[in-house]
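To keep things clear, I will list the structure first and then write my remarks on it.
Values quoted throughout were computed directly from the atomic coordinates according to the rules given, and no laboratory measurement underlies them. What you see is a predicted model; the values in this text were computed from it and never measured. Cβ sites come from the backbone with ideal geometry, for glycine too, and all protein chains shown count toward neighbours.
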Amino acid sequence: MAPTRLPTYFLSHGGGPWPYMEGPFRENFHQLEASLKAIPAELGCKPHAVLMISGHWEEQQFSLMAAERPPMVYDYGGFPSHTYSIRYPAPGDPALAARVMTLIEQAGLPSALDAQRGFDHGAFTTMFPMYPAAEVPLVQLSMLQGYDPAIHLALGRALAPLRDEGVLIIGSGLSYHNLRAFGPAAKTASGQFDAWLQRTLLQTPPAERSTLLTQWSVAPAARQAHPREDHLIPLMVAVGAAESEAGALVYHESAFMGGVTASSFRFGALPG
């Protein structure tokens with residue numbers, strides 16, 4: 001049974017279909033994988049469902065996956081052939097999708113249901129290490145085109161009641177996402193931006209944290225770290241849903257993929 005209130009997470013999800021691979025590429029993610037596997041035990045209970053905001057889905061209105069058995073979206077290229085037929089067979093939850101849509105509309109934000117959308121790799125690469133049996137229902141929620149951080153913080157606020165209903169809210173992205181400057185080339189920029197993230201998310205009073213996040217683009221190395229902020233915006237939703245609560249670091253390394261500093265965060269207290 002899920003507790004009265006669950007925390008929220010912003011998770012760095014890594015590259016491509018890495019949990020479904022073996023060999024040197026997979027080995028790049030061993031610290032990230034360990035952090036993801038630790039989350040169920042950290043929670044101490046199984047959520048009724050997961051609501052996932054992935055950096056790989058954006059629409060003109062906040063759109064919700066509404067299929068009972070969602071398909072897959074193989075939104076990557078150049079990986080082994082078997083990774084284009086993998087399945088993460090978690091059930092959808094149309095009732096949860098309808099509930100989320102109601103909350104979004106009550107907040108005055110645009111929303112829609114999408115019965116065709118499938119799980120993208122921002123969702124299944126985080127969920128597979130956490131819940132490999134795919135027994136937890138999973139619903140994806142899109143970002144809104146334009147990436148306005150204030151609107152996504154407002155979305156998080158609208159979703160906050162779900163935390164008391166056994167729904168685990170996860171923003172899935174990457175704390176550094178500049179594909180043209182990965183590996184050793186990312187060392188300085190990713191380190192500078194990650195240091196700002198940690199100061200903002202872990203050391204700044206929650207009342208000031210959201211204001212700083214709306215101004216993220218003036219942070220040190222911000223646009224070097226996120227030329228396009230698709231992988232950062234899910235953070236805003238996770239923070240908005242736990243806006244007055246403290247943050248905690250749940251994953252961090254400084255040599256990810258040969259030079260990237262990367263982190264994941266939790267917001268709100270653990271159950272119990």
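Quick look at the numbers
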{"read-out": "Normalised contact order of the chain, rounded percent, pairs of Cα under 8 Å and 6 or more residues apart", "value": "31 percent"}
{"read-out": "Centroid-to-centroid separation of the range 212-272 and the range 76-151 [C-alpha atoms, Å]", "value": "19 Å"}
{"read-out": "Counted charge near Ala158, where neighbours are those whose Cβ lies closer than 13 Å (Asp, Glu -1; Lys, Arg +1)", "value": "+1"}
{"read-out": "Listed residues Tyr76, Tyr176, Tyr131, most fluctuating in the chain (Gaussian network, C-alpha, under 10 Å)", "value": "Tyr76"}
{"read-out": "Restricting the range 62-135 to GluC sites (Glu not before Pro) in coil, as DSSP defines it, with at most 16 other Cβ within 10 Å", "value": "Glu68, Glu135"}
{"read-out": "Sequence ranges 50-59, 25-34, ranked by mean other-Cβ count within 10 angstrom, highest first", "value": "50-59, 25-34"}
{"read-out": "Proximal charge balance of Val73 [Cβ under 15 Å; K/R count +1, D/E count -1]", "value": "-3"}
{"read-out": "With 5 Å bins from 0: P(r) over the range 137-272, alpha-carbon pairs, percent", "value": "2, 11, 20, 24, 20, 13, 7, 2, 0"}
{"read-out": "Calculated over the range 1-131: convex hull of Cα atoms, volume per residue (Å³)", "value": "119 Å³"}
{"read-out": "For the range 8-267, radius of gyration divided by Kirkwood radius, i.e. Rg to Rh on alpha-carbons", "value": "0.93"}
{"read-out": "Whole-angstrom gap from the range 1-74 to the range 182-209, using each part's C-alpha centre", "value": "22 Å"}
{"read-out": "Trypsin sites (Lys or Arg not before Pro) within the range 87-128, DSSP loop, no more than 16 other Cβ atoms inside 10 Å", "value": "Arg87"}
{"read-out": "At R0 = 41 Å, FRET efficiency that the Cβ-Cβ distance of His82 and Ala150 yields, to 0.05", "value": "0.45"}
{"read-out": "Protection proxy ranking of 154-163, 107-116 - average other beta-carbon atoms within 10 Å, highest first", "value": "154-163, 107-116"}
{"read-out": "Percent antiparallel among DSSP beta bridges (both partners in the chain, rounded to 5)", "value": "35 percent"}
{"read-out": "By average C-beta atoms within 10 angstrom, highest first, the peptides 208-217, 256-265, 8-17", "value": "8-17, 256-265, 208-217"}
{"read-out": "Overall dimensions of the range 116-197 by Cα: Rg and Dmax, Å", "value": "15.8, 43"}
{"read-out": "Simple label model, 7 Å out from Cα along Cβ direction - Gln203 to Ala112, nm", "value": "4.4 nm"}
